[in-house]
Amino acid sequence: MDLSKAQAAPGVIAVVDGRAVAEYCTPWVAVLAHLKGIKSPPQHAMAIERACWQGEACAAVIAESRSQAEDAVALIEAEWEELPVVVDMDAALAGKPVIHPELGDNICFKREYDTGGVDDVFARADVVVEETFRFGRHTGVCLEGRAILADYNAGEHSLTVYHATQAPHMMQDIFSRHLNIPEANVRVITKDVGGSFGIKVHVYPDEMATAAISVLLRRPVKFVADRLESFLSDIHAREHKARVRLACSKGGEMLAFELDDVTAIGPYSVYPRTSGIEGNQVVNLIGGPYKHQKYRAKLHVVFTNKNVTCQYRAVGHPIAVALTEGIVDIAAQKLGIDPAEFRRRNLIADDAYPYTSPVGLKFEKLSHQRTLAKLLDIMRYTELRAEQARLRKTGVHRGIGLAAMIEVTNPSPAFYGVGGARISAQDGATLRLEPTGMLTVLCSVTEQGQGTEAIFAQIAASAVGVTLDKVRCMTGDTGVTPYGGGTWASRGAGIGGEAVLQAGRALRSNILDVAAALLKLDKAELDIAGNAVVNRLTQEAKLPLAEVGRVAYFRPDTLPMDFQSELTVTRHYTPRQYGFTFTNGMQAALVEVDPATGFVSLLRHWCVEDSGTVINPMLADEQLRGGIVQGIGGALYEECIYGPDGQLMNGSLADYLVPMAGEMPDIVCVHLETPTQQSQLGAKGIGEAGTAGAPAAIMNAINDALAPLGARVTQMPFTPERILKALGKV
Amino acid sequence: MELARETTLTVNGQRVARRIEPRMHLVDFLREELGLTGSHLGCEHGVCGACTVRVNGDIVRGCLMLAVQADGCTVETIEGLTDSKELAPLQKAFHERNALQCGFCTPGMLLAAQDLIRTGKKASREEIRAHISGNYCRCTGYQAIVDAIEEVIHGPR
């Protein structure tokens, strides 16, 4: 590479290559001990000598302005020797060619699971159905690109990073270890983030390079991914090809599932969560809502020369739910049983808990049967079927699709910590009564727009006894908040919220200690309501909290000699009793397919979700709706398309389609509440449920519409072209 | 730079004169030269609508218009339309209906919605959806946004 012309360009401060950055940033290897056998080669912040995918940075220009930097990038001269690429997952599995020769093959991770007895069940079953489904890789398309500003202070050997991330403490640890700066000298500050959806919870080589270059240059350095850079380097997800089989009795009992899944993850496993988790989740979640006892699965996670893939909203669930619900509908069709009735016969009973699935997942308490009944009721299923039949006679092809699901939320350390990742499964909250009677809440869970701070304020206000306007919530600063995991895996409300609740209850007790001392009354006679200490029985106001604050902070001399007030309280919470706090839900879609054009119109969508205690009904609805539309995107529009040479063909918003307002349906949401007994709050997660279930519901609705025409689609996204191909029209 | 052109425009009621490089687009100018960072950049190729601003009364993609093309124009941004209170009813409805999550699309979405509202047309939900279909929101799924706009147009349901 010849960097000299770029170095001489106007406004350029420095031009660096991978070797220069490697002096300041050590490479990483993304494996986890509990994913047995997972392998990945060391990855540097910037390519050294060899780049493995279009989107791997080779050089960086630091200039006074973005336009000067981009002008200079065009002056870098590189001589490339093109190496053979592998872009197809079957070719990758066959090792044609092997991307990292030192690893021996292209298999990053492999898992097999078998309850035993599967062959017997399939041999004796009355009905066996099988289908192969394909899922296009897609990506998060956060409206705001990834953004980082790293500011190294040589005098203090400290690094302050303003970072659009979901996990500030995880990043603090990673900057510290890979840049060799003491942990306490690294501060990660995460203010408003323009959408994340799992995209911003990973370690990105260009962001590590930005921090390393800040150390190298001893000055602040900023990098913001533009749209093309986002398409090329934001993690992708969901590229799977899976064959699934289901064995049933003629009475309509599901007996066994079998899965053979291959997923292609790019040339590296992504640090530090690995790219093995998505496929692993698919293996775990197949058949999740149902009573069958036998299951066998095989998973191959393979390297390819495309962008890397990793955990994106609902991680594995959209694949597993679509595979399960897709094959369930095919079985129902073959058995001649209504899809809703078929599900009713096979969903785990509501009184069967605690329950252990064939793959060993432990469910504390779910509500599949109530959920199904509620869904059929709100969508007026019977009438809808009658209307569908009437319209079919007039040449209108409507389809109704159902999708039941379970979902991983509130993960314990079993998700990452046990595998050796320095990712916190616990979160902490600090609550402080201010002298004016206001309440400050500091929590380690971050806010990306989902309303985390709003629900923490609600929980804190209720727990202490103040009105909402008295609460101020702060998140996203490793220099300020307690230590914790951040935002991912639908954990913010259930884990962070519980820490806030416990801290709030403890602070309430501490405030009453001060009030009892001040009022010379028994603490048991007192309570807090409406920003004042009140008589527990009569609710008569005794003392405003502002007075408690004034005395505790400014006139503690008026309190008893042996009394010390404690008006700042910190509590932490880790889910421990179950590996994951599973939720359940069910979605339904009503679509109309135009057989002449292959276009799908989304007419209506329903979702019944049981995520335990609902803290804020409006925010819970909006999490579902946003998630559902993201799932619809994957089902109908979104796909990162690569050419045979490993070049991304559609790296712009003009070519990569996302859901827009004009095509989206109104979505009806209903919540059932089965609180988890593991916490006082009882909240389970909800942020990913919509995305998990929507693709399956849309697919089943389209196939229900196509069934009388003898067609079926099995490859997402279901573009008009693919639907017309299924109809034999193109 | 020698290519820079003297450009005079009115931004949120204030006359602004600057020497501007021809290649600088309008939103970079607003954000970087004037510090008006309420207009956002989502794609920089005219698809996402995050950069929507009002020029001479019409909403435009601020990333597809060069700043020098705005010579002699009147430009209104989210900051100016907030200060003038023109957007106040819509902003209130967005708050109450939780019609924003991360908020990155919101300034552009508000300008696009207000463009429909000020026609005085009693738009249906479908017409509202069509009117904002050039503005990408990844968070909400759009329903709450449609609800909020509908409420401003038709009054509370």
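The values are calculated or read from the model by the stated rules, or taken from the named source; none is laboratory data. Keep in mind that this is a model prediction, so the values were computed, not measured. A quick note on method: Cβ atoms are made from the backbone with ideal geometry, for glycine too, and the neighbour counts reach across all protein chains shown. When the accessible area is computed, the model is the full protein with side chains, heavy atoms only, and any ligands, DNA or RNA have been set aside. Shrake-Rupley method; radii C 1.70, N 1.55, O 1.52, S 1.80 Å.
Scoring B:LYS122 on the criteria (1) open to solvent by less than 20 Å² (accessible area, probe 1.4 Å); (2) out of contact with any strand residue (DSSP E or B) (no Cβ under 7 Å at 6 or more places or on another chain); (3) in contact (Cβ under 8 Å) with a residue 24 or more places away in the chain leaves a single failure, condition (1).
Against the definition (within 14 Å of another protein chain (Cβ to nearest Cβ) and closer than 30 Å to A:ASP90 by Cα), how does A:LEU143 come out, yes or no? Judged against the criteria, A:LEU143 is not a match.
A quick yes/no check of all residues on (1) more than 30 Å from A:LYS334 (Cβ to Cβ); (2) acidic (Asp, Glu); (3) buried (at least 24 other Cβ atoms within 10 Å of the Cβ):
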| site | (1), (2), (3) |
| --- | --- |
| A:VAL128 | no, no, no |
| A:ARG134 | no, no, no |
| A:HIS138 | yes, no, yes |
| A:ALA154 | yes, no, no |
| A:LEU159 | yes, no, no |
| A:HIS163 | yes, no, yes |
| A:PRO168 | yes, no, yes |
| A:PHE175 | yes, no, yes |
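Give all pairs with beta carbons closer than 7 Å in which a residue from segment A:139-158 that is in contact (Cβ under 8 Å) with a residue 40 or more places away in the chain and over 30 Å from B:CYS137 (Cβ atoms) meets a residue that is part of a loop (DSSP other than H, G, I, E, B) and open to solvent by less than 10 Å² (accessible area, probe 1.4 Å); count only pairs at least 6 apart in sequence or on separate chains. No pair meets every condition. If you scan segment B:1-48, which residues turn out to be open to solvent by less than 60 Å² (accessible area, probe 1.4 Å), farther than 19 Å from B:LEU111 by Cβ, touching a residue at least 60 places away in the same chain (Cβ under 8 Å) and not hydroxyl-bearing (Ser, Thr, Tyr)? Answer for segment B:1-48, where residues must be open to solvent by less than 60 Å² (accessible area, probe 1.4 Å), farther than 19 Å from B:LEU111 by Cβ, touching a residue at least 60 places away in the same chain (Cβ under 8 Å) and not hydroxyl-bearing (Ser, Thr, Tyr): there is none. For segment A:166-203, a tally of residues being within 14 Å of chain B (Cβ to nearest Cβ) and part of a loop (DSSP other than H, G, I, E, B) returns 10. Quick check: anything in segment B:59-79 free of Cβ contacts under 8 Å to residues at least 40 places away in the same chain, under 20 Å from B:VAL16 (Cβ atoms), among the aliphatic types (A, V, I, L, M) and touching a strand residue (DSSP E or B) at 6+ places or on another chain (Cβ under 7 Å)? So far as segment B:59-79 goes, yes, one or more of its residues are free of Cβ contacts under 8 Å to residues at least 40 places away in the same chain, under 20 Å from B:VAL16 (Cβ atoms), among the aliphatic types (A, V, I, L, M) and touching a strand residue (DSSP E or B) at 6+ places or on another chain (Cβ under 7 Å). Scanning segment A:32-47 for residues that are out of contact with any strand residue (DSSP E or B) (no Cβ under 9 Å at 6 or more places or on another chain) and surrounded by fewer than 21 Cβ atoms within 10 Å (Cβ to Cβ) yields A:ALA33, A:HIS34, A:PRO41.
The set of residues in segment A:501-557 being among the charged types (D, E, K, R), part of a helix (DSSP H, G or I) and more than 20 Å from A:ASP469 (Cβ to Cβ) consists of A:ARG505, A:ASP513, A:LYS523, A:GLU525, A:ASP557.
For segment A:607-614, check the following and say yes or no: at least one residue is out of contact with any helix residue (DSSP H, G or I) (no Cβ under 7 Å at 6 or more places or on another chain), under 25 Å from A:VAL500 (Cβ atoms) and not in a strand (DSSP E or B). Within segment A:607-614 (the criterion being out of contact with any helix residue (DSSP H, G or I) (no Cβ under 7 Å at 6 or more places or on another chain), under 25 Å from A:VAL500 (Cβ atoms) and not in a strand (DSSP E or B)), the answer is yes, since at least one residue qualifies.
Counting residues in segment A:615-626 that are crowded, with 16+ Cβ neighbours inside 10 Å and either among the acidic types (Asp, Glu) or away from every other protein chain (no Cβ under 14 Å) (or both) gives one or more.
Please pick out the residue among B:ALA67, B:ALA50, B:ALA113 that is within 11 Å of chain A (Cβ to nearest Cβ) and in contact with a His (Cβ under 7 Å, 6 or more places away or on another chain). Unique residue meeting the criteria: B:ALA50. Being out of contact with any His (no Cβ under 9 Å at 6 or more places or on another chain) and either crowded, with 23+ Cβ neighbours inside 10 Å or within 13 Å of chain B (Cβ to nearest Cβ) (or both) is the filter here, so list the residues in segment A:630-641 that pass it. A:GLN630, A:GLY631, A:ALA635, A:LEU636, listed by residue number. I'd like the full set of residues that are within 11 Å of another protein chain (Cβ to nearest Cβ), in a helix (DSSP H, G or I), of a type outside the set (Asp, Glu) and open to solvent by 20 Å² or more (accessible area, probe 1.4 Å), limited to segment B:86-110. Scanning segment B:86-110 gives a single hit, B:ARG97. Taken together, the residues in segment A:641-674 that are in contact with a Gly (Cβ under 7 Å, 6 or more places away or on another chain) and hydrophobic (A, V, I, L, M, F, W, C) amount to 4. For segment A:63-134, which fully contained helices (runs of 4 or more DSSP H) count at least 2 residues that are under 25 Å from A:MET1 (Cβ atoms)? Of the helices (runs of 4 or more DSSP H) lying wholly inside segment A:63-134, those with at least 2 residues that are under 25 Å from A:MET1 (Cβ atoms) span A:66-73. A:ALA654 satisfies every condition listed in (1) over 24 Å from A:HIS397 (Cβ atoms); (2) in contact (Cβ under 8 Å) with a residue 60 or more places away in the chain; (3) part of a loop (DSSP other than H, G, I, E, B) except (2). Among the candidates A:ASP610, A:ASP645, the residue that is among the charged types (D, E, K, R), touching a residue at least 60 places away in the same chain (Cβ under 8 Å) and open to solvent by 10 Å² or more (accessible area, probe 1.4 Å) is uniquely A:ASP645.
When the residues of segment A:443-469 are filtered to those that are more than 14 Å from chain B (Cβ to nearest Cβ) and touching a Leu at 6+ places or on another chain (Cβ under 7 Å), the one that is surrounded by the fewest Cβ atoms within 10 Å (Cβ to Cβ) is A:ALA461. Taking segment A:187-209 as the range and being surrounded by fewer than 24 Cβ atoms within 10 Å (Cβ to Cβ) and either of a type in the set (S, T, N, Q) or under 24 Å from A:VAL29 (Cα atoms) (or both) as the test, the residues that pass are A:ARG187, A:VAL203, A:TYR204, A:ASP206. None of A:PRO595, A:PRO556 is of a type outside the set (S, T, N, Q), farther than 30 Å from A:ALA697 by Cβ and more than 34 Å from the chain's Cα centre (by Cα) except A:PRO556. Those residues that are in a helix (DSSP H, G or I), of a type outside the set (Val, Ile, Thr) and within 10 Å of another protein chain (Cβ to nearest Cβ), I need them from segment B:128-151; list them, please. Correct list: B:ARG129, B:ALA130, B:HIS131, B:GLN143, B:ALA144, B:ASP147. Give just the number: which of (1) crowded, with 24+ Cβ neighbours inside 10 Å; (2) within 15 Å of B:VAL60 (Cβ to Cβ) does B:GLN114 not satisfy? It fails just one condition, (1).
There is no residue in segment A:422-438 that is away from every other protein chain (no Cβ under 14 Å), within 29 Å of A:ILE174 (Cβ to Cβ), polar (S, T, N, Q) and open to solvent by less than 10 Å² (accessible area, probe 1.4 Å). Restricting segment B:116-127 to residues that are assigned to a loop (DSSP other than H, G, I, E, B) and within 14 Å of chain A (Cβ to nearest Cβ), the residue that is farthest from B:LEU87 (Cα to Cα) is B:SER124. Within segment A:114-140, the set of residues being touching a Pro at 6+ places or on another chain (Cβ under 9 Å) and more than 14 Å from chain B (Cβ to nearest Cβ) comprises A:THR115, A:PHE135, A:GLY136.
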